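As C-alpha cells, the structure follows; a few thoughts come after it.
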Amino acid sequence: MQDYIFEAEDTNNAFITINRNSVFGEGKLSGIPVAVKDNISTKGIQTTCGSKILKGYIPPYDAHVVTLLKNEGAAIVGKTNMDEFGMGTTTESSAYGVTTNPCDKTRVPGGSSGGSAAAVASGMVPMALGSDTGGSIRCPAAFCGITGLKPTYGRVSRYGLIAYSNSLEQIGPMAKNVTDVSTLMEIISQPDVFDTTAYNRPYSHTPSADIKDKKIGIPKEFFGEGVDEKVSKCVMDAITKLENLGVTTIECSIPSMRYALAAYYVTCTSEASSNLSRFDGVRFGPKVEAKRSWHDEYRDYRGHNFGEEVIRRILLGTFALSAGYYGKYYAKAQVAKNNIKKDFLRILKDVDLIAGPTMPNIAYKIGEKSDPLEMYLSDILTVPANLAGVPAISVPCGKVEKMPVGLQIIGRHFDEESVIDAAFAYEQEVA
C-alpha cells in the first residue's frame, strides 16, 4: 500500500457524508483513508443507513471496527451510500440518490454496500468497510470489479452496526486486491466484549499463492437456471486456472439451495420488522410533534420517512411473525436455514473450498430491475453463505460485455485463511 491523499471528486455519488476533517494516526494504516458504510456507527460523523429517518443522526460512539481502524492510524474520510438499511442489491433505494458504477455510469454498482465498492473502484479510497447480510459485500465487489470478503459469522464484531438482520449480517473488508482485504481483515477481527455473538478468533495471515493439492467443490446449482451462460463460462475459465495451479475440482450438489431464498427473506424480513421498530420518533429518528392520536402520528411518521422497500420488508416480516403464521413461515425458515448449514458442513468435509459465480449476471442498467421479486432472485448465489455462516469472498475473474464478473470462493467456518489464499493465488495467476 502507498500513502493516499483524499482529494478525488465523488462523481459516482459513492458518499453520503464526506469527513474532510479526518486525521491520520500511527499504525499499519497510517496515511491510508478508509471509507465506512453508512450503517456503521462513527462518533461525530452523521450515520443515516441511507434513510431519511436517520438524517442528521450523529452517533456518540464508534463501532468496534472503527475504533480498531483508528487505532491503526486510518483516517475515516466518509460514510458511503447504500440501499436503505441494507435492503437491496443495487444501491438505488438510498434516500440520498443512486450510486453509479465506475465501470459504466449507466449501471448500478450492486448493493447494498454499493457506495463502498464504488469508492474503491473509482480510486477515491484504497479500502472500505461494508456489511453483508445476503451478499451486500460480494455483490457490489463483483459488479464493480474489486475484492470483498464476508467473514465467518461472529469473527468480526457487529457492535456499532445498526441492525437489519442480526443472525445473518457481518461487517467485512473491501479493496482492490486480496492483500489489502487480508490486511483490513486482520485489523477488524480483533475480539470485542461488547458483542456477545463475537468469537475470540482474530485473523492473522499473510496470503499465500500455494494452493496445490487443495480440493474445491463446484456445486451444480451454482451454474443452473437463472445464471447467465456468459457469466458461467467466465467463472469456469477462472476455475480452470485454479486447476492449473494444482487444485482438484469435484462436482457437488447443495440440494437445500432450492429453499435458500425463501429461508433468507423470511428470516431477514422478520428480524427487520423487530429491529426497525425503534425508529419511531421517540427513541430514534426526527422528533414527532404529536398533534393527533399516537397511532395516526406513528403510521404517518414511519410511512413518510421509510422508503418503499423498507416498508415492504417490515410488512412481510410482521406478517411472518404474526399469530397463526409464525410456525408456517419463520419456524420453517429456521429449519431450512439449518439444512443449508448441514449441506455446507457435509460438502466441506470432503473439499477444502467451494467455488462458483458471485452473481448470476453482470451489473444491471439503472432502473432495469423494477420488480422486487426479480431483484430478490439475483441473491440466489450469495445468500447460502450467510445462512450457513461460512466465509465467502468475491474476486474479479474477467469481464462479460466489458463489465466485471466475480468468482466466489466459500470456505469452512473460521477458515478465512484458505479462502484468502485461493483468491490470492487466482489473482496472482492472472496479474
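Computed from the coordinates by the stated procedures, all read-outs in this text should not be read as laboratory data. Nothing here was measured: the structure is a model prediction, and the numbers come from that model. A quick note on method: Cβ atoms are made from the backbone with ideal geometry, for glycine too, and the neighbour counts reach across all protein chains shown.
Based on Cβ point charges of +1 for Lys and Arg and -1 for Asp and Glu, what charge dipole magnitude is obtained for the chain about its Cα centre, in debye rounded to the nearest 20?
Dipole about the Cα centre, nearest 20: 980 debye.
Could you pull out every one of the lysines with an alpha carbon less than 21 Å from that of residue 341, ignoring same-chain neighbours closer than 8 positions?
Hits, sequence-local ones excluded: 150, 215, 220, 328, 332, 349.
Most mobile of 211, 187, 250 per a Gaussian network model of the chain (Cα springs, under 10 Å)?
The residue that fluctuates most here is 250.
Please work out the Cα convex hull volume for the chain and give it in Å³ per residue.
Values: hull volume 56.3 nm³, N = 431.
Convex hull of Cα atoms, per residue: 131 Å³.
Please name whichever of 112, 58, 90 sits farthest to the positive end of the charge dipole of the stretch 26-139, dipole taken about the Cα centre and charges placed at Cβ: Lys and Arg +1, Asp and Glu -1.
About the Cα centre, the residue reaching furthest to the positive side is 58.
Once the piece of chain linking residue 331 and residue 8 is laid out straight, how much longer is it, given 0.36 nm per residue of separation minus the C-alpha distance between them?
Values: separation 323, 0.36 × 323 = 116.28 nm, distance 4.85 nm.
Going from the current span to full extension adds 111.4 nm.
Only Lys, Arg, Asp and Glu count, each charged at its Cβ (+1, +1, -1, -1), so figure out the dipole size of the stretch 346-431 about its Cα centre, rounded to 20 debye. It would help to have the intermediate numbers written out before the result.
Numbers: 7 positive and 13 negative charges, 43 e Å.
That gives the stretch 346-431 a dipole magnitude of about 200 debye.
What is the spin-label model distance, in nm, from residue 262 to residue 245 if the labels are put 7 Å beyond Cα along the C-beta direction?
3.8 nm
By per-residue mean of other Cβ atoms within 10 Å, what is the highest-first order of 165-178, 312-325, 113-126? Numbers along the way, then the final one.
Details: 165-178: 23.9, 312-325: 15.9, 113-126: 29.7.
Ranking, from highest mean packing down: 113-126, 165-178, 312-325.
Just 15, 344, 194 to compare: in a GNM of the chain, with alpha carbon springs under 10 Å, which one fluctuates most?
194
How many angstrom separate the Cα center of the stretch 389-431 from the Cα center of the stretch 307-336?
First find each Cα centre; the distance between them is then 33 Å.
What FRET efficiency, computed as 1/(1 + (r/R0)^6) with R0 = 30 Å and r the Cβ-Cβ distance, is obtained for residue 237 and residue 338, rounded to the nearest 0.05? Write down the numbers at each step before the final one.
Details: r = 35 Å, r/R0 = 1.16.
So, using R0 = 30 Å, E works out to roughly 0.30.
Can you give the FRET efficiency for residue 278 and residue 196, using 1/(1 + (r/R0)^6), R0 = 22 Å, r = Cβ-Cβ distance, to the nearest 0.05?
Details: r = 19 Å, r/R0 = 0.86.
The value I calculate is 0.70.
Could you tell me which of 418, 336, 359 has its Cα farthest along the dipole of the stretch 334-430 towards the positive end, charges placed at Cβ (Lys, Arg +1; Asp, Glu -1), taken about the Cα centre?
336
Could you give me the ³J(HN,Hα) list for the stretch 361-373, computed from phi with Karplus coefficients 6.51, -1.76, 1.60 and θ = phi - 60°, whole Hz, x at Gly and Pro?
Karplus-based 3J(HN,Hα) across the stretch 361-373 equals 7, 7, 4, 6, 5, 4, x, 5, 9, 9, 8, x, 5 Hz.
Suppose every K and R has +1 on its Cβ and every D and E has -1 on its Cβ; what is the size of the dipole of the stretch 194-326 about the Cα centre, in Debye to the nearest 20? Kindly include the intermediate steps, with their values, before the conclusion.
Working: 18 positive and 18 negative charges, 58 e Å.
Here the stretch 194-326 has a charge dipole of around 280 debye.
Give the Rg/Rh ratio for the stretch 69-157, taking Rg as the radius of gyration of the Cα atoms and Rh as the Kirkwood radius, to two decimals. Before the final figure, lay out the partial values.
Numbers: Rg = 12.4 Å, Rh = 12.9 Å.
Ratio value, two decimals: 0.96.
Tell me, how many Å apart are the Cα centres for the stretch 73-125 and for the stretch 196-256?
Using only Cα atoms to place each centre, the spacing works out to 26 Å.
Once you keep just the Cα pairs under 8 angstrom separated by 6 or more residues, what percentage relative contact order results for the stretch 17-64?
It rounds to 28 percent for the stretch 17-64.
Separation between the residue 345 and residue 205 pseudo-spin-labels, each 7 Å from Cα along Cα→Cβ, expressed in nm?
About 2.1 nm separates the two model spin labels.
Short version: ³J(HN,Hα) in whole Hz for each residue of the stretch 58-72, in order, from phi by Karplus 6.51 cos²θ - 1.76 cosθ + 1.60 (θ = phi - 60°), x for Gly and Pro, what are they?
Per-residue couplings from phi come out as 10, x, x, 8, 8, 4, 4, 5, 5, 4, 5, 4, 5, 4, 9 Hz.
For the stretch 310-431, what is Rg from Cα atoms divided by 2.2 N^0.38 Å, rounded to two decimals?
Values: Rg = 17.6 Å, N = 122, 2.2 N^0.38 = 13.7 Å.
After normalising by residue count via 2.2 N^0.38 Å, the value is 1.29.
Hey, which lysines would be in cross-link range of residue 291, C-alpha to C-alpha under 24 Å, not counting anything within fewer than 8 residues on its own chain?
The reachable lysines, counting only those whose Cα sits under 24 Å from residue 291, are 52, 55.
Considering the dipole of the chain built from charges on the beta carbon (Lys and Arg +1, Asp and Glu -1) around the Cα centre, which of 317, 100, 373 is farthest to its positive end?
So the residue furthest toward the plus end is 317.
How high is the relative contact order of the chain, in percent, with contacts defined as C-alpha pairs under 8 Å that are six or more residues apart? Each step should come with its number before you reach the end.
Numbers: 1075 pairs, mean separation 77.9, N = 431.
Answer for the chain is 18 percent.
What is the set of long-range amide H partners of residue 398 at a cut-off below 5 Å, with H atoms built 1.01 Å from backbone N?
Residues meeting the criterion, in which the H sits 1.01 Å from N, are 405.
Calculate, for residue 21 and residue 323, the FRET efficiency according to 1/(1 + (r/R0)^6) with r their C-beta to C-beta distance and R0 45 Å; round to the nearest 0.05. List each step's numbers first, then the result.
Details: r = 51 Å, r/R0 = 1.13.
My answer for the efficiency is 0.35.
If amide hydrogens are placed 1.01 Å from N in the peptide plane, which non-local residues have theirs closer than 5 Å to the one on residue 99?
none
For the chain, what does the helix formula give at 222 nm: sum of -39500 (n - 2.57) over DSSP H segments with n ≥ 4, over the residue count, nearest 500 deg cm²/dmol?
On the way: 12 runs with 140 residues, N = 431.
Per the formula, -10000 deg cm²/dmol.
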